[in-house]
Amino acid sequence: MTRLIEDAAEAAALLRAGELVAFATETVYGLGADARNGKAVAGIFEAKGRPHFNPLICHFPDAESAWAEVHPDERARALASAFWPGPLTLVLPRRADSRVDLLTGAGLDTLAVRVPSHPAARELLRLAGIPVAAPSANQSGRVSPTTSAHVMEELSGRIAAVLEGGDCEVGVESTVLDLSGTEAVLLRPGGVPQEAIEAVIGPVGRPASPEAGGALRSPGMMLSHYAPALPVRLEATVVAPDEALLAFGAPLEGAGAVFQLSAAQDLREAAARLFQGLRALDGSGLRGIAVMPVPGGGLGPAIRDRLDRAAAPRDA
Ligand code: AMP
Ligand code: MG
């Protein structure tokens, strides 16, 4: 049963306990989870029925708490002074000691951070005192909700609660600006116009498309796609001593290294440990990564999508 609640302190306690809570922002309703808790974040993808893991935006009550998780540069500080709280998301290098779970950032070295202006969101974030990961609170492939009734239609029975916050004002999503490289790049147009950003930090570029011959930000890697350097082999039923094994259930015998996604074959646990596992095995110094079969239900397709991408041949 999903409850509609009015008390921000109650919503904050639910988030801290690893539950999913939808809340209003000035853009659209977000589906929030404790960004430090991989299982809670896996629950977001499960509730939305998203067939893939994409990086989620982390929400904070103020800039100082955001800077605890990412490295701001001068541009980020200037934009935060100008537009926070507000509908601007900044992608910045994550701190080595960030508490945010790897699943939240889809395994990337960057993290998207934002300070929303909606009073209900601010109160919730302040009371929760944790980074809150939140995509829009709709089922995958459907429009973003701007009222608590929309959220109920979308997610009732799949999340713990909706914090009543009235109707959203902006109704479009936040502007996403990538500041992780030397050139600022507009990844998604949104509530803060490009011209307003350029008035503060100067010219902003558009993402380079490989089709147009543009260079990708990091070679061999899509902007929002983490992949290990070692070759990845799927559906493994045997494993060699010079291979690392990503196990799901009782591990195959004979691997040079093993990372267990979930001994109990729990898909939510496996999702929460996926990027950690790929990273750990990528550093094993072995010949490649063999991956045991992962079934198709629930979060299975999202896990398999990411493994397929990790196993796909790379051109750069
Ligand atoms: P949503 O959560 O649905 O509002 O969408 C979040 C947007 O931010 C998507 O367009 C993501 O691709 C983008 N995003 C989030 N984190 C990152 C990141 N670390 N690098 C690049 N884009 C990001
Ligand atoms: Mg969305």
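The values are calculated or read from the model by the stated rules, or taken from the named source; none is laboratory data. Please read all numbers here as calculations on a predicted model, not as lab measurements. In this analysis, Cβ positions are derived from the backbone assuming ideal geometry, glycine residues included, and neighbour counts consider all displayed protein chains.
Within region 251-265, residues that are farther than 18 Å from PRO295 by Cα and assigned to a loop (DSSP other than H, G, I, E, B) have Cβ atoms under 7 Å from residues that are polar (S, T, N, Q) and modelled with pLDDT of 95 or more in these pairs: GLY256/SER284, counting only partners at least 6 apart in sequence or on another chain. Residues in region 257-276 that are hydrophobic (A, V, I, L, M, F, W, C) and within 15 Å of the chain's Cα centre (by Cα): ALA271, ALA272, LEU274, PHE275. Being away from ligand 2 (no atom under 15 Å from the Cβ) and under 16 Å from ALA160 (Cα atoms) is true of GLY18.
Condition check ((1) touching a helix residue (DSSP H, G or I) at 6+ places or on another chain (Cβ under 7 Å); (2) at pLDDT below 95) across all residues:
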| position | (1), (2) |
| --- | --- |
| ALA63 | yes, no |
| HIS71 | no, no |
| ALA137 | yes, no |
| PRO145 | yes, yes |
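Across region 111-129, what is the total count of residues that are surrounded by fewer than 22 Cβ atoms within 10 Å (Cβ to Cβ) and either part of a loop (DSSP other than H, G, I, E, B) or out of contact with any helix residue (DSSP H, G or I) (no Cβ under 6 Å at 6 or more places or on another chain) (or both)? Lay out the reasoning, then the answer.
Within region 111-129, the subset surrounded by fewer than 22 Cβ atoms within 10 Å (Cβ to Cβ) is 117, 119-120, 122-123, 126-127, 129.
From what is left, the residues that are either part of a loop (DSSP other than H, G, I, E, B) or out of contact with any helix residue (DSSP H, G or I) (no Cβ under 6 Å at 6 or more places or on another chain) (or both) are 117, 119-120, 122, 126, 129.
Going through region 111-129 one residue at a time, the tally reaches 6.
Annotation note: of LEU79, LEU90, the sole residue that is part of a strand (DSSP E or B), within 19 Å of ILE197 (Cα to Cα), at pLDDT 95 or above and over 13 Å from the mean Cα position of the chain (by Cα) is LEU90. Restricting GLU46, GLU26, GLU10 to those that are surrounded by fewer than 23 Cβ atoms within 10 Å (Cβ to Cβ), charged (D, E, K, R) and not in a helix (DSSP H, G or I) reduces the list to GLU26.
Just to be sure, is ALA184 under 30 Å from ALA227 (Cβ atoms), away from ligand 2 (no atom under 16 Å from the Cβ), within 21 Å of the chain's Cα centre (by Cα) and without any contact (Cβ under 8 Å) to a residue 12 or more places away in the chain? So ALA184 fails the test.
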